[in-house]
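Presented below is the structure to which this report refers.
Just so you know, all these numbers are worked out from the coordinates, no wet-lab data involved. Because the structure is a prediction, the values reported are computed rather than measured. Virtual Cβ from ideal backbone geometry, glycine too; neighbours counted across all protein chains shown.
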Ligand SMILES: [Zn+2]
């Protein structure tokens, strides 16, 4: 008996909900700045602001990519010494 197996699609393709690019709600720019911000209760958050208009966009999840980005961009944006 022939054993026909349909091709299985790998599930590695990310669903569209996962990797939506963040855009500024004001000017729709995707050029965003991620910087560390420490709250009064000493928790750290990655603050996303728009490079173009400077508007606060959201707080980003602290995944390794974002953390690395925030490390870099906090330095380059930092007036805080
Ligand atoms: Zn903007």
Kirkwood hydrodynamic radius, the range 32-77, all distinct C-alpha pairs: what's the number in Å? 10.6
Taking 35, 61 and counting other beta carbon atoms within 10 angstrom, the fewest-first order is 61, 35
Give me the extension gain from residue 28 to residue 41: residue separation times 0.36 nm, minus the current Cα-Cα distance, reported in nm with one decimal. 1.5 nm
